[in-house]
Amino acid sequence: MVERKESWTSLASLLGTLAFCQTFLRMVLPPELRHVSLKFLTRAFRCFSSYCYFDIAEMEGVKTNELYNAVHLYLSSFASTSASASRLSLTRARNSSVTTFGLSSNDSIADVFDGVTVQWEHAVTQRQSQPSPWRPLPDEKRSFKLRIRKRDKDLILNSYLDYIMERLIYTNSRSSESHGRPWEAVPFKHPSTFDTLAMDPEKKRDIMEDLRDFAAGQAFYQRTGRAWKRGYLLYGPPGTGKSSMIAAMANFLGYDIYDLELTEVPSNSELRKLLMKTSSKSIIVIEDIDCSVNLSNRSKAPKAPALQSYSADPDAPDAASGGKNWNNTMTLSGLLNFTDGLWSCCGSERIFVFTTNHIDKLDPALLRSGRMDMHICMSYCSYPALQILLHNYLGSEGKDLSEAAASELREAVEKAKMTPADISEVLIKKRRNREKAVSELLEVMKARAEGKEEYGGLRDKCESNGVEEEEQEKRALESPKEVSDRENDSCQKVEDQEEKKAN
């Protein structure tokens with residue numbers, strides 16, 4: 001009991017001495033000298049420490065740090081199963097059953113890479129002031145702090161960060177824009193490559209060579225005074241592999257993908273903001289561009305199309321946008337400037353890819369060189385493409401067909417006009433039995449060629465009635481005023497024709 005009392009007395013005496021020294025130093029040393037001394041002691045401590053620290057801020061000036069986003073997604077992918085995470089944040093989107101785990105503010109989590117343990121901390125502080133009133137930043141200043149051992153520095157800064165910065169696919173939405181994030185990202189895991197892509201090998205080699213020239217063409221583009229970008233137009237019937245082609249291009253170059261949904265872009269200015277938030281070494285994709293907004297061929301249109309609106313009442317605010325008027329005022333001119341205007345040069349090493357099922361519906365201004373430099377026709381499956389599909393689904397033996405079977409398949413595939421998606425569906429069902437797969441595929445192709453297959457006949461009927469159905473869809477989407485104007489124009493044309501006949 002006496003020893004314990006003496007221990008407490010000694011501790012109190014020590015604390016009193018420390019408090020006296022602290023007060024004495026504050027009185028004797030000015031604040032500037034104390035700050036310098038503290039900074040010196042911190043550096044001295046780090047010199048003798050076996051750890052080093054790195055900060056990864058959310059914002060670089062007014063631009064988003066892509067490494068921060070990649071780290072955030074990476075840590076969220078295993079946070080729920082990590083034993084070192086004591087506190088996690090949970091988020092779930094509306095009408096979704098998927099819960100996303102994240103690292104809470106000022107909490108830490110451990111990770112192991114190639115036998116090396118690293119420590120991540122999510123630091124969140126309040127921002128004191130805004131650097132620019134024209135481009136306000138979030139009120140909170142977020143960053144990730146990485147602690148590693150000095151001997152592991154080379155491994156972590158090279159291989160580990162490259163592992164984290166694996167390819168991402170981004171998409172835009174009004175909900176993300178309202179939260180100050182124009183793009184939402186998830187890891188890109190599509191397995192498509194040019195080796196597995198069902199396409200004529202010679203055409204694939206041309207595309208790959210063009211992509212290689214682009215990726216290695218920084219000096220060429222700078223010397224010729226051109227923006228370091230390139231445009232590709234993929235067109236053809238549905239199911240011919242346009243999306244798989246985009247994934248193969250991204251995997252071939254190692255680029256991120258920005259999937260731009262035009263129906264979520266309210267104006268030309270918002271489109272420019274989205275472009276400014278994209279990174280270099282990326283592919284900006286607009287799929288089914290003929291169906292996204294009204295970008296039809298102006299040479300075939302009787303009059304300028306009305307601007308598309310997502311609200312029946314132009315003055316009515318959209319409830320999903322928090323009371324904002326989200327009427328779409330984006331124009332063809334805005335999209336043209338997006339792909340080939342001055343704003344398209346705000347980044348480098350970027351590829352624009354548009355896809356469409358009806359190339360004749362697009363305005364020629366959108367298709368010219370400089371915007372869409374390379375037009376790639378994704379057509380029906382040919383025999384060389386069929387060989388690739390047989391190899392993908394039936395293994396290496398898929399190419400080792402008898403001469404009779406190969407001859408029958410070559411003749412049938414040219415007449416059947418089946419897409420790679422249709423053929424893949426047949427092969428998937430019978431992939432465990434090579435003989436049955438080949439024989440059934442041959443029967444399906446022969447039936448398609450003869451027009452006896454049920455869904456083949458339905459497809460032909462749909463294709464023949466496609467123009468009429470699309471016209472009916474357009475009429476259904478028109479407002480009553482547009483319908484009235486169109487009917488009045490039609491009646492006026494009939495009256496003019498009858499008057500000419502009478503004269």
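Scanning region 215-234 for any residue that is within 21 Å of M372 (Cα to Cα), within 23 Å of the chain's Cα centre (by Cα), at pLDDT 95 or above and aliphatic (A, V, I, L, M) turns up at least one such residue. Checking every residue in region 363-374 against the condition of being closer than 25 Å to A447 by Cβ, loosely packed, with under 15 Cβ neighbours inside 10 Å and basic (K, R) gives zero matches. If the condition is being surrounded by 18 or more Cβ atoms within 10 Å (Cβ to Cβ) and at pLDDT 80 or above, then region 337-356 contributes F338, T339, D340, E349, R350, I351, F352, V353, F354, T355, T356.
A single member of A198, A185, A227 is closer than 30 Å to Y380 by Cβ and open to solvent by less than 40 Å² (accessible area, probe 1.4 Å), and it is A198.
Please count how many residues of region 152-180 are of a type outside the set (D, E), without any contact (Cβ under 8 Å) to a residue 12 or more places away in the chain and over 21 Å from G254 (Cα atoms). Adding up the residues that qualify gives 2.
Would you be able to say whether some residue in region 259-271 is open to solvent by less than 40 Å² (accessible area, probe 1.4 Å), at pLDDT 90 or above and not charged (D, E, K, R)? Scanning region 259-271, I find at least one residue that is open to solvent by less than 40 Å² (accessible area, probe 1.4 Å), at pLDDT 90 or above and not charged (D, E, K, R), so the answer is yes. Suppose we filter P182, P237 for residues that are out of contact with any Lys or Arg (no Cβ under 6 Å at 6 or more places or on another chain) and in a loop (DSSP other than H, G, I, E, B); which single one remains? None of the others qualify; the one that does is P237. Filtering region 83-131 down to residues that are surrounded by 11 or more Cβ atoms within 10 Å (Cβ to Cβ), farther than 21 Å from I148 by Cα and out of contact with any Ser or Thr (no Cβ under 9 Å at 6 or more places or on another chain), which residue is modelled with the highest pLDDT? Taking the candidates together, the pick is R127. Tell me, yes or no, whether region 433-455 has at least one residue that is in a helix (DSSP H, G or I) and modelled with pLDDT under 50. So far as region 433-455 goes, yes, one or more of its residues are in a helix (DSSP H, G or I) and modelled with pLDDT under 50.
Every condition in (1) out of contact with any helix residue (DSSP H, G or I) (no Cβ under 6 Å at 6 or more places or on another chain); (2) modelled with pLDDT under 90 is met by I428 except one, and the failing one is (2). When F252 is tested against (1) more than 22 Å from S173 (Cα to Cα); (2) open to solvent by less than 40 Å² (accessible area, probe 1.4 Å); (3) part of a helix (DSSP H, G or I), only condition (2) is not met. Residues satisfying the criterion are absent from region 201-222 (criterion: part of a loop (DSSP other than H, G, I, E, B) and either crowded, with 18+ Cβ neighbours inside 10 Å or touching a residue at least 24 places away in the same chain (Cβ under 8 Å) (or both)).
Give the residues of region 66-80 that are modelled with pLDDT under 80 and either under 17 Å from A185 (Cα atoms) or buried (at least 17 other Cβ atoms within 10 Å of the Cβ) (or both), sorted by residue number. So that I can check it myself, show each step before the final result.
If we filter region 66-80 for residues that are modelled with pLDDT under 80, which is where we start, we get 66, 73, 76-80.
Hits for region 66-80 are E66, L73, S76, S77, F78, A79.
Annotation note: Cβ proximity below 7 Å between a residue of region 441-452 that is without any contact (Cβ under 8 Å) to a residue 40 or more places away in the chain and a residue that is outside any helix (DSSP H, G or I) and hydrophobic (A, V, I, L, M, F, W, C) (sequence gap 6+ or interchain) occurs for M445/M418; R448/M418.
A count restricted to region 402-437 and to residues that are free of Cβ contacts under 8 Å to residues at least 12 places away in the same chain, open to solvent by less than 30 Å² (accessible area, probe 1.4 Å) and polar (S, T, N, Q) stands at 0.
Filtering region 379-386 for residues that are in contact with a Gly (Cβ under 6 Å, 6 or more places away or on another chain) and assigned to a strand (DSSP E or B) leaves an empty set.
Counting just the residues of region 1-52 that are among the small types (G, A, S) and part of a helix (DSSP H, G or I), which one comes out surrounded by the most Cβ atoms within 10 Å (Cβ to Cβ)? Explain how you work it out, then say what you get.
First pass over region 1-52, keeping only residues among the small types (G, A, S): 7, 10, 12-13, 16, 19, 37, 44, 49-50.
From the residues that got through so far, the ones that are part of a helix (DSSP H, G or I) too are 7, 10, 12-13, 16, 19, 37, 44.
Values: S7: 10, S10: 10, A12: 10, S13: 10, G16: 10, A19: 10, S37: 12, A44: 10.
Step by step, filter region 1-52, then rank; the result is S37.
The values are calculated or read from the model by the stated rules, or taken from the named source; none is laboratory data. Worth saying up front: this structure is predicted, and the values here are computed from it rather than measured. Every residue, glycine as well, gets a Cβ built from its backbone with ideal geometry; the counts of neighbours run over all protein chains shown. Calculation scope for accessible area: heavy atoms of the full protein, side chains included, ligands and nucleic acids excluded. Shrake-Rupley method; radii C 1.70, N 1.55, O 1.52, S 1.80 Å.
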